[in-house]
Amino acid sequence: MRLDRFIESKLAYSAQTVRDLFVQRKVMLNGVLVSEGRGRITEFCRVEVDGKVLQAREAIYIMLHKPKGCVSATSDAKNKTVLDLVDIPEKESLHLAGRLDFNTTGLLLLTNDGKWSRKLTQPQQKIPKTYWVKTQNEITLGYVKKFSEGFYFQFEDLTTLPAELNILSSHTALLTIYEGRYHQIKRMFGFFQNEVMELHRVSIGNIRLDENLAAGGYRLLTRGELEFVN
Ligand code: URA
């Protein structure tokens with residue numbers, strides 16, 4: 001939205017009155033005096049008019065190490081949610097940028113910036129997500145080809161995008177997928193009747209789970225981590 005239009009609607013002022021405010025140098029945007037209002041602002045810009053704050057909402061981006069046994073949701077009637085782990089005043093404004101199953105652990109992102117989370121989760125963006133997987137049965141070399149070819153999911157009537165399977169040991173692997181279908185990884189291994197015993201998300205794009213974060217811990221994202229989505 002344009003800055004001048006925002007002020008007009010917020011204060012119910014005429015366009016002329018708002019133009020005068022700029023001439024009188026009474027408008028501050030993110031702490032800096034501005035002389036005209038055609039520029040666009042976001043919901044996270046700080047806007048002050050004549051010393052009065054019209055908008056001052058901070059964008060929040062959090063990485064959380066999801067533990068087992070909690071729901072990737074902001075509220076749940078029965079179970080503990082990932083939001084219950086967060087203790088900041090603005091927590092009610094947060095939503096999840098993607099989900100993990102109840103017993104999946106690892107990197108989860110929370111934010112109050114809908115534009116950012118949409119960019120991150122839009123299927124067209126094909127952002128890589130890497131998981132550490134432990135299975136019940138052996139992961140054989142033949143799996144690698146199948147993961148790169150894709151799996152047909154009857155319910156959605158689609159074939160999954162090529163995924164990269166990197167076998168680490170007889171029962172563990174690193175898997176990178178470029179989409180986020182329902183129970184996707186469990187269903188992929190299900191093709192081989194090989195049950196996923198443990199699943200842990202290591203990274204989303206260039207955002208890697210901070211190894212210093214214990215399960216249940218969280219911290220704000222750094223500027224560098226934010227950049228690849230912005
Ligand atoms: N795939 C799954 O099956 N579960 C997850 O939590 C994430 C990806």
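Summary of computed values
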read-out	value
Nearest-0.05 FRET efficiency for THR121 and VAL34, computed from C-beta distance (R0 35 Å)	0.55
Inverse mean reciprocal Cα-Cα distance (Kirkwood Rh) of the chain, Å	20.4 Å
Protein-only accessible surface order, largest first, of THR17, THR81 at 1.4 Å	THR17, THR81
Heavy atoms of GLU164: accessible area, 1.4 Å probe, square angstrom to 10	100 Å²
Rounded to the nearest 10 Å², the accessible area of GLU149 at probe 1.4 Å	100 Å²
Selection from THR81, ALA59, LEU11 lying farthest towards where the dipole of the chain points positive, charges on Cβ	LEU11
Dipole axis of the chain (+1 Lys, Arg; -1 Asp, Glu on Cβ), positive-most option in ILE185, PHE155, GLY114	GLY114
Karplus-derived HN-Hα couplings along region 88-94 (A = 6.51, B = -1.76, C = 1.60, θ = phi - 60°), whole Hz, x at Gly and Pro	9, x, 8, 4, 5, 8, 7
Label-point gap, in nm, between ARG208 and LYS91 - each point 7 angstrom along Cα→Cβ	2.9 nm
Extended-chain gain in nm, criterion 0.36 nm per residue less alpha-carbon gap, HIS183 and PHE44	46.6 nm
Residue order for VAL27, VAL71 - accessible surface, 1.4 angstrom probe, largest first	VAL71, VAL27
Charged-residue dipole, Cβ positions (Lys, Arg, Asp, Glu), region 61-226 about Cα centre, Debye nearest 20	160 debye
Computed over region 3-55, Kirkwood Rh from alpha-carbon pairs, angstrom	10.7 Å
For region 12-23, 3J(HN,Hα) per residue [Karplus equation, 6.51 cos²θ - 1.76 cosθ + 1.60, θ = phi - 60°, Hz, x = Gly/Pro]	6, 9, 6, 4, 5, 4, 5, 4, 5, 4, 5, 4
³J(HN,Hα), Karplus 6.51/-1.76/1.60, whole Hz, each residue of region 209-226, x for Gly, Pro	4, 5, 5, 7, 8, 6, 4, x, x, 8, 7, 6, 6, 7, 4, x, 5, 6
Residue-averaged 222 nm ellipticity for the chain, from DSSP H runs of 4+ at -39500 (n - 2.57), nearest 500	-5500 deg cm²/dmol
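The values are calculated or read from the model by the stated rules, or taken from the named source; none is laboratory data. These numbers were taken from a predicted model, which means no experiment stands behind them. Quick reminder, even Gly has a Cβ in these numbers, built from the backbone with ideal geometry, and neighbours come from all protein chains shown. The accessibility values were calculated without ligands, DNA or RNA, using every heavy atom of the protein model including side chains. Shrake-Rupley method; radii C 1.70, N 1.55, O 1.52, S 1.80 Å.
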